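Participant: Could you have a look at this structure, given as structure tokens, before my questions?
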Amino acid sequence: MERVKSSMQQVPNAIPKVIRRTGGANSLELEKENFERGQAVSINKAINTQEVAVKEKHARTCILGTHHEKGAHTFWAAVNRLPLSSNAVLCWKFCHVFHKLLRDGHPNVIKDSMRNKADLTDMSRMWGHLSEGYGKLCSIYLKLLITKMEFHIKNPRFPGNLQMSNRQLDEAGENDVNNFFQLTVEMFDYLECELNLFLGVFSSLDMSRSVSVTAAGQCRLAPLIQVILDSSHLYDYTVKLLFKLHSCLPADTLQGHRDRFQEQFKKLKSLFYRSSNLQYFKRLIQIPQLPENPPNFLRASALSEHISPVVVIPAESSSPESEHMAETDDLVDTDVPSLPAPVETKFDDLFGTSAAIDPFNFNSQNGMRKDDKDRLIEQLTREIQALKDELESFRLESGRLCQVLRGRISELEAELAEQSHLRLQALGESEFLKAELDDLRRVREDTEKEQRSLTEIEKKAQANEQRYTKLKEKYTELVQSHADLLRKNAEVTRQVTVARAAQDEVETVRKEMQEKVKTAQEVADRQEREQLEHLQEIQRELVSSRAELDALKTTVASSQQSSEALGTELATLQSEKAELVQSLSKVEAALVAQGQELERVQSSLVTERESGVKTAESLQNQLNEKESREQTLEGQLVAARWSSLQGAVEEAEKIIRDSLAQIDDPAHISCTSSADYLASRCQASLDCMDRLHSAREAFMTDSTGVCELLRVVTQCGHLVGDTIVQGSATSHMVPVEQGDALTESVKKCGAEALSLLEQMKQQDDLAAADDSKLKAALEAILATAEKLRPRGLELQQGELGDLVEQEMAATSAAVESAAARIEEMLNKSRAVDTGVKMEVNERILASCTELMQAIKELVLSSKELQRDIVESGRGAASMKEFYAKNSRWTEGLISASKAVGWGATVMVDAADLVVQGKGKYEELMVCSHEIAASTAQLVAASKVKADKDSSNLRRLQQASRGVTQATAGVVASTKSGKSQIEEKDTMDFSSMTLTQIKRQEMDAQVLVLELETRLQKERERLGELRKKHYELAGAAEGWGESDEGTG
């Protein structure tokens, strides 16, 4: 009994020992290890190097694993250890499994996989270098998977399997036509990748044999099941979105969408048909058949005829539930520690049974009396009952303890599970942070590489900028020096003119001085001769006086009697003599003074003559120096002109050589251009060649005209280089033979241009340089471009630029004329009408005037926005070239402008008839609605190519809202006026009998039925008229030609 008690007391301590022994084996850590081990085994079995299709059960295990861990960390941890870059079959099967996970796995698979986008891109680029086999297919498949991930990241409302209802599809676009437009483009890109994989797989198979029954063929065809599932949904959503877009935007705006859809429709229909005939797909998937013709998006009722393609996958032979349970049993450890059940301790278990041999039956052994035996039996029975009670109490206590222990175990297991979950979460966060850290490191390395490359590019750009700055400075210096030389030349010419004028003046003065000297000499000689003559006369008189004196002396000597008379006469003669002496001295003094004056005049004349000669010599020397300096500067200027011309020629050669080098550049293969743009570049080059010829001849005639030649040479180099690049880009868009011929013509053009520039480098060969070969090469390229242009568009595209201006001007004129007519009608109505009619007419015409003003503002805003679009979009091209390049947009703009002008004219006519009482108010309301639709078309056509942040766009939208409000005002005033006019005709049934009222009621019912029938017929007629209008508009704007081109 003591042993039983001690054993029962040891039970509570024994149970925790069992828990401690089994707790580690049943932990969540072991469960995670088993899960990762199972996932690794399934991934390695699904993705291997055997050229067989992936088994569905292994792929399903991978999908269940993503739902179990709510992500793809385990999948990528196992895949990153596989040599995907060294084995194409292994990479192909990885793409298949990864595609299944993106479609059917947990939604977090896409987010977890975006971390490996860069690795997938590098792998796709690496496999893309192979031109056949699994390598090319892997490159295409990886591009498809990257596109799928990017699509779901941009559009998180779309699940991985692309299954959505119509309401969810509408919610994805958020009721914004721009979002629907962009979503359609992204779906086109997505479907294009799907079709590329389809075509790649079919082109790699030999369809002449039954490849679908071979293991290698099934390995390539198996992923197409996922492609078929995606393509069917994408086709259905694209059709619905295009119908929605056509209900909101003009047909011209969506021409590119329709062309792209028709191309993809034909490919998808052909691929679905080819796939449905393969034996491999017949037992795995039921492929839908697309309609014979694509939907007609121009007819809104065609949406009801559209039937969504449904892909049916037949049920498998095995039960998916059982497989799911089996996989779940393998993934989840359900080993729960079992607790020992309570043991029923009975007396027979402890002491044995008393059926055959009773150890207490002593009747056969001794002679004990029956009473003693009964007492012993009763005593033993009481002891047994007491033991049973005690045992039952122990059992109840042990059960209670077991319940307590079970509760404690549950709590501990819950805590353990929570701690394990936290640890797993911490490990997941740690792995995520490690992955983020690796991504950041890779991003930092990529950023550093990009920064280094950007630094190199900036250095090159700075070097080019410095080189351009130096050339510009050199050119500026040459221009400045040329201007200085011209100024110096003018100054020297002016100085020479001044010097020559001074020399002429000096010569004139010299001649005048010589004439004065001659005159003075003549005067002096004449005076001297006169003085000499006077002196001789005086001398003769003196001689005569002396003779007379001698005669007197002889007379005195002979006759003394007359001494007194002679003395008197002598005194008289002496006085006369004194006077004569005095006059002689005066004459001599005058002669001396005149001689001194003559000497002074002669000396001054000599001095002036010497100074004049010295001044003339100095001026002549300065003139000679100026002429020599001018000749030196003229030589330097000629050398500078020639060096600048050589620099421009060398720069043009570099541009052309760079353009020729781009032809063989592999990166240039993806560049494309149109034949129209190539033709415009060729024509511009030919025009520049004519100007080059004229400038060269002008330079040979007069070397001062080098500036024009420099500009023409530089522009010619740019235009010929652009022609070469555009010709090479155009050759990528045409058939091979025509592309090769165009490439040869472009190369020949570059060679001729280099030959011409080489001749222009030599000064002796400049005059003999022949540009006819280069013109012939450019004309050949132009002829080829004209052949490659779409037929029937030459005249139209050439006139588009002028036609846009004409239509916008005509619209403005129509609006102005309509406003003037409305004002005239308003004045007439005020002069003629009275009362309610005048009030109604004034209100209607006032609302029409407001509408005309709003339309005028809209047309002006459209012109401004159109000018911004052309200026921002044409680049170096002219306005007409921009219109020709964007012919579809231009035609839509022209159509919208015509509609606005026509609507304004028709509304004025309708208003005129209403005011005169001859028209209908309904016509005016219909014209208002038509004007609103036309202005909406004009706004949409202008908005397609406009910048979202443009102020003119906001002004145009404000003007459009003004037109809408004005249109509503016209409709409201018309309805109000109509109700006021009709109120005067009140119905009076007071004098009618019951029979007459019944008769009138029947007549009214008949009239209502007739009007309803007529309304139905008119609605049908309206539908036919709209259909015919679409057909005529399509024929006028080239829809049929574009359809034939896409066909």
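The values are calculated or read from the model by the stated rules, or taken from the named source; none is laboratory data. As the structure is a computational prediction, the values presented were derived from the model and not from experiment. FYI the Cβ positions are ideal-geometry reconstructions off the backbone, even for glycines, and counts take in every protein chain you see. Please note that ligands, DNA and RNA were not included when accessible areas were found on the heavy atoms of the full protein model with its side chains. Shrake-Rupley method; radii C 1.70, N 1.55, O 1.52, S 1.80 Å.
Participant: Select from the range 770-788 the residues that are touching a Leu at 6+ places or on another chain (Cβ under 6 Å) and either of a type outside the set (Val, Ile, Thr) or open to solvent by 70 Å² or more (accessible area, probe 1.4 Å) (or both) and list them in ascending order. Working first, answer last.
Facilitator: Just the residues of the range 770-788 that are touching a Leu at 6+ places or on another chain (Cβ under 6 Å), to begin with: 771, 774, 778, 784-785.
Listed by number, the residues that qualify are Asp771, Leu774, Leu778, Ala785.
Participant: Could you pull out the residue among Lys117, Lys57, Lys100, Lys136 that is in contact (Cβ under 8 Å) with a residue 12 or more places away in the chain, basic (Lys, Arg) and crowded, with 20+ Cβ neighbours inside 10 Å?
Facilitator: Numbers: Lys117 fails: crowded, with 20+ Cβ neighbours inside 10 Å; Lys57 fails: crowded, with 20+ Cβ neighbours inside 10 Å; Lys136 fails: crowded, with 20+ Cβ neighbours inside 10 Å.
Just a single option satisfies the conditions, and that option is Lys100.
Participant: Moving on. When you go through Glu378, Glu411 one by one, which is the residue that is modelled with pLDDT of 85 or more, more than 49 Å from the chain's Cα centre (by Cα), farther than 30 Å from Ala72 by Cβ and not polar (S, T, N, Q)?
Facilitator: Working: Glu411 fails: modelled with pLDDT of 85 or more.
That would be Glu378, the only listed residue that is modelled with pLDDT of 85 or more, more than 49 Å from the chain's Cα centre (by Cα), farther than 30 Å from Ala72 by Cβ and not polar (S, T, N, Q).
Participant: Output yes when any residue across the range 899-910 is within 28 Å of Asn178 (Cβ to Cβ), at pLDDT below 75 and touching a Leu at 6+ places or on another chain (Cβ under 9 Å), and no when none is. Steps first, please.
Facilitator: Of the range 899-910, the ones within 28 Å of Asn178 (Cβ to Cβ) are 899-900, 903.
From what's left, at pLDDT below 75: 899-900, 903.
Keeping just the survivors that are touching a Leu at 6+ places or on another chain (Cβ under 9 Å) gives 899-900.
Yes: the range 899-910 contains one or more residues that are within 28 Å of Asn178 (Cβ to Cβ), at pLDDT below 75 and touching a Leu at 6+ places or on another chain (Cβ under 9 Å).
Participant: Filter the range 139-160 down to residues that are open to solvent by 40 Å² or more (accessible area, probe 1.4 Å) and not β-branched (Val, Ile, Thr) and give me whichever is nearest to Phe198 (Cα to Cα).
Facilitator: Initial filter on the range 139-160 (open to solvent by 40 Å² or more (accessible area, probe 1.4 Å)): 143, 150, 153-154, 156-157, 159.
Filter once more, so that each one left must be not β-branched (Val, Ile, Thr): 143, 150, 154, 156-157, 159.
Values: Lys143: 13, Glu150: 20, Lys154: 24, Pro156: 26, Arg157: 26, Pro159: 22 Å.
Selected residue: Lys143.
Participant: Could you list, in sequence order, the residues of the range 802-852 that are modelled with pLDDT under 65 and closer than 21 Å to Thr935 by Cα?
Facilitator: Listed by number, the residues that qualify are Leu803, Val804.
Participant: Please determine, by comparing only the residues of the range 940-949 that are surrounded by fewer than 22 Cβ atoms within 10 Å (Cβ to Cβ) and of a type in the set (A, V, I, L, M), which one is nearest to Met907 (Cα to Cα).
Facilitator: Narrowing the range 940-949 to residues surrounded by fewer than 22 Cβ atoms within 10 Å (Cβ to Cβ): 940, 943-949.
Add one more test, that the residue is of a type in the set (A, V, I, L, M), and what stays is 940, 944, 946.
Numbers: Ala940: 22, Val944: 28, Ala946: 30 Å.
Looking at residues that are surrounded by fewer than 22 Cβ atoms within 10 Å (Cβ to Cβ) and of a type in the set (A, V, I, L, M), I get Ala940.
Participant: I'm checking my understanding of the structure. Among residues of the range 278-308 that are free of Cβ contacts under 8 Å to residues at least 12 places away in the same chain and part of a loop (DSSP other than H, G, I, E, B), which one is farthest from Lys267 (Cα to Cα)? Walk me through how you get there before you give the answer.
Facilitator: Pass one, the range 278-308, residues free of Cβ contacts under 8 Å to residues at least 12 places away in the same chain: 282, 292-293, 296, 301, 304-305.
Still in the running and part of a loop (DSSP other than H, G, I, E, B): 292-293, 296.
Working: Glu292: 13, Asn293: 13, Asn296: 18 Å.
Taking the candidates together, the pick is Asn296.
Participant: Continuing with the same structure: List every residue pair whose Cβ atoms sit under 8 Å apart, with the two residues 6 or more apart in sequence or on different chains, where the first one lies in the range 648-674 and is under 9 Å from Ser728 (Cβ atoms) and the second, anywhere, is of a type in the set (Asp, Glu).
Facilitator: Once the first residue is under 9 Å from Ser728 (Cβ atoms) and sits in the range 648-674, its partners that are of a type in the set (Asp, Glu) give Ser659/Asp722.
Participant: OK, next. Do any residues in the range 386-405 that are in contact (Cβ under 8 Å) with a residue 40 or more places away in the chain have Cβ atoms under 6 Å from those of residues that are of a type outside the set (Gly, Ala, Ser) and in a helix (DSSP H, G or I), where the two are at least six apart or on different chains, and which pairs are they?
Facilitator: Every condition considered, the pairs that remain are Phe394/Met8; Ser398/Val11; Leu401/Pro12; Leu405/Ile15.
Participant: Something else about it: Can you find, within the range 615-661, the residue that is farthest from Lys474 (Cα to Cα) among those that are touching a helix residue (DSSP H, G or I) at 6+ places or on another chain (Cβ under 7 Å) and of a type in the set (Val, Ile, Thr)?
Facilitator: Thr615
The rows are residues; the columns are (1) closer than 19 Å to Ile656 by Cβ; (2) free of Cβ contacts under 8 Å to residues at least 24 places away in the same chain; (3) hydrophobic (A, V, I, L, M, F, W, C).
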{"position": "Arg681", "(1), (2), (3)": "yes, no, no"}
{"position": "Cys688", "(1), (2), (3)": "yes, no, yes"}
{"position": "Glu697", "(1), (2), (3)": "no, yes, no"}
{"position": "Leu710", "(1), (2), (3)": "yes, no, yes"}
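Participant: Looking only at the range 235-249, decide whether some residue is among the β-branched types (Val, Ile, Thr), open to solvent by less than 50 Å² (accessible area, probe 1.4 Å) and touching a residue at least 24 places away in the same chain (Cβ under 8 Å).
Facilitator: Initial filter on the range 235-249 (among the β-branched types (Val, Ile, Thr)): 238-239.
Then keep just the ones that are open to solvent by less than 50 Å² (accessible area, probe 1.4 Å); that gives 238-239.
Still in the list and also touching a residue at least 24 places away in the same chain (Cβ under 8 Å): 238-239.
Scanning the range 235-249 turns up at least one residue that is among the β-branched types (Val, Ile, Thr), open to solvent by less than 50 Å² (accessible area, probe 1.4 Å) and touching a residue at least 24 places away in the same chain (Cβ under 8 Å).
Participant: Here's a check for you: in the range 625-662, which residue that is touching a Ser or Thr at 6+ places or on another chain (Cβ under 9 Å) and of a type in the set (S, T, N, Q) is surrounded by the most Cβ atoms within 10 Å (Cβ to Cβ)?
Facilitator: Top of the filtered list is Ser659.
Participant: Is it true that some residue in the range 610-631 is outside any helix (DSSP H, G or I) and more than 21 Å from Ile781 (Cα to Cα)? Explain how you work it out, then say what you get.
Facilitator: Here is the first cut: in the range 610-631, the ones outside any helix (DSSP H, G or I) are none.
No.
Participant: Restricting attention to the range 950-973, does a residue exist that is open to solvent by 80 Å² or more (accessible area, probe 1.4 Å), more than 30 Å from Leu924 (Cβ to Cβ) and modelled with pLDDT of 80 or more?
Facilitator: yes
Participant: Okay, next question. Specify the residue that is nearest to Ala40 (Cα to Cα); the eligible residues are those in the range 67-83 that are open to solvent by less than 10 Å² (accessible area, probe 1.4 Å) and not in a helix (DSSP H, G or I).
Facilitator: Ala72
Participant: Quick check: is even one residue across the range 669-679 assigned to a helix (DSSP H, G or I), of a type in the set (Gly, Ala, Ser) and surrounded by 18 or more Cβ atoms within 10 Å (Cβ to Cβ)?
Facilitator: Yes, some residue in the range 669-679 is assigned to a helix (DSSP H, G or I), of a type in the set (Gly, Ala, Ser) and surrounded by 18 or more Cβ atoms within 10 Å (Cβ to Cβ).
Participant: Against the conditions (1) at pLDDT below 70; (2) surrounded by 16 or more Cβ atoms within 10 Å (Cβ to Cβ); (3) under 31 Å from the mean Cα position of the chain (by Cα), where does Glu799 fall short? Just the number, please.
Facilitator: Here Glu799 clears every test but (2).
Participant: Could you look through the range 1008-1028, keep only residues that are of a type in the set (A, V, I, L, M) and open to solvent by less than 90 Å² (accessible area, probe 1.4 Å), and pick out the one that is farthest from Arg299 (Cα to Cα)?
Facilitator: Of the range 1008-1028, the ones of a type in the set (A, V, I, L, M) are 1008-1009, 1011, 1015, 1022, 1025.
Now narrow it down to the ones that are open to solvent by less than 90 Å² (accessible area, probe 1.4 Å): 1008, 1015, 1022.
Numbers: Val1008: 31, Leu1015: 21, Leu1022: 13 Å.
The residue in question is Val1008.
Participant: Still on this structure: Taking the options Ala753, Ala776, name whichever one is among the aliphatic types (A, V, I, L, M), modelled with pLDDT of 85 or more and under 35 Å from the mean Cα position of the chain (by Cα).
Facilitator: On the way: Ala776 fails: under 35 Å from the mean Cα position of the chain (by Cα).
Result: Ala753 is the single residue among Ala753, Ala776 that is among the aliphatic types (A, V, I, L, M), modelled with pLDDT of 85 or more and under 35 Å from the mean Cα position of the chain (by Cα).
Participant: Further question: Give just the number: which of (1) among the polar types (S, T, N, Q); (2) under 14 Å from Leu845 (Cα atoms); (3) free of Cβ contacts under 8 Å to residues at least 40 places away in the same chain does Ser928 not satisfy?
Facilitator: If we test Ser928 against (1) among the polar types (S, T, N, Q); (2) under 14 Å from Leu845 (Cα atoms); (3) free of Cβ contacts under 8 Å to residues at least 40 places away in the same chain, just (3) comes out false.
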